[in-house]
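Values in this text are rule-based calculations from the coordinates and carry no lab data. This structure is a prediction, so every number in the text was calculated from the model and none was measured. As a convention, Cβ positions derive from the backbone with ideal geometry for all residues, glycine included, and neighbour counts pool all protein chains shown.
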Amino acid sequence: MIKKISVSAILFFAVIAASSATETAEFNIGYRGLTWDESLSDALPADKKNEVTSYLDNQFIKILTSSGLFVVSESSREDGKREENAYENYSLFPVITVFKQVESEISGYFFDCQVALTILNNSDTEVVAEVNTEAEVNPEADADLNTESDGRASEVFYLKHIGSGENSAVAMQKSLEGIVDQFEFLLIGFEQWSDSFRVIDIYQGAVIINSGKKGGLRKGDFLHSFDPWNSGKITGDFVVEKADGDISYARILKVKKYPKAGDSLRLDDFTGFAVNGYTDYFSGEEFSGITTGFSLVWWGGLYVFHPLAGFEYFSIKNINEAFIDMLIPYGGFKIVRHIGSMTLSSLITAGAGYVSDSDLYSTVYRGWQYKGGTVKASAERRFGNRFSLFAEAGYSYWYSGDVKELTDIAGFLAGGGVSVKF
């Protein structure tokens, strides 16, 4: 995957392309040819390594020449080695930095290929694009790639893809094809593909993703698939059930379009908290009325227990229309289970009740007079990534202690609300 390519990097190519159309000077990119990091000397036999080099070279050059945005300028010396063309504005230096088979606990073969693509500015000493990268490559190799002896500015982009197949050869080919796709997406400038992960395969209902703990994915992370050709429209929701070093396994929560190998996924960048607002109708033997409340919940992905804290306001009356208004701060937890786009929960809370106003009790009994709690069951339906609606029902009991003038409050609750994730 291409990691953290900024908007300025995307715009860089568009600006250059536009300027080449309006000015007489031609914009030329010189392609310097694919090389291998020295640490990969034993990655493949020489003939197989040449096949990989030839394949990627041919595909990269084909993309450059057919894109309509670039003119490839190449020149060779008599000894067959490439040399720089004085008319090249920029030069590309791709280097394979990772080329290995990935171990997995499931059947099938997985192959990881990573390419560091250096873009060298031949005409300016300023950095060609503002880019932050966090590549999974050898730090020493990374330092060498960013160092130019003649002082010209350069920038490095990282392409990564894990391919899968029924044998090692097929997995390797799928990995190379993924690198070619990302090279094209980078140069043509599809902003929608930045900061995305890829689906490697679908195995027994599990979505296998081309990144794991090393790439920042963790169990419980939520991701969504999207259509890069349609303004990044979301096409599905997923949750990571297991994360290995280089591969993750996700469960499908909801999809408009069933995922397939090569689809892109993006991590939902929430803090892990949700704000819930709700209104319930309270009905008991002696009191009935409305309760309204808000809670802050750590929603925690796949984890079963989600702690929460909040407050609610009881406004209830007895059969004689005598009212009690009570504010209740509380804490507790939810026990959750995700089923498709639905989330089923059981909620348990405990708190204290502050009587703020009442024509049933004298002013002597204002203040913290009640202790108790609530149990609820809820069903929540997600709409998009941040918003959901839920319905709930439960039972609430509030004990007034040994004060004879006060009456315990007990009854059933039913209502619903909205949840917003941050």
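Before moving on, here are some points about what is shown:
- Global form of segment 273-421, assessed from the alpha-carbon gyration tensor, a/c cut-off 1.5: prolate
- The distance between label points at Phe387 and Asp57 comes to 5.5 nm (points 7 Å beyond Cα on the Cα→Cβ vector).
- Spin-label pair Ser39-Lys233: with each label point 7 Å from Cα along the Cα-Cβ axis, the two points sit 4.3 nm from one another.
- Gain in span if fully extended, Ser107 to Glu405, counting 0.36 nm per residue against the direct Cα distance: 100.2 nm
- Label point 7 Å beyond Cα of Asp47 along Cβ direction - residues of segment 172-187 with amide nitrogen under 16 Å: none
- Spin-label model, Ile339/Phe412: points 7 Å from Cα along the beta carbon direction are separated by 2.1 nm.
- Gain upon complete extension [Glu285, Ser346; 0.36 nm per residue less C-alpha separation]: 19.5 nm
- Cut-off under 5 Å, modelled amide H: who pairs with Gly245 long-range: Lys213
- Extension gain, Glu241-Tyr395: 0.36 nm per intervening residue step, less the Cα-Cα distance, totals 52.1 nm.
- In sequence order, segment 402-411 has phi-based couplings of 8, 7, 5, 6, 9, 10, 4, 10, 8, x Hz under the Karplus curve 6.51 cos²θ - 1.76 cosθ + 1.60, θ = phi - 60°, and Gly or Pro positions carry x.
- Among 372-380, 98-106, the order from most to least packed when residues are scored by Cβ within 10 Å on average: 372-380, 98-106
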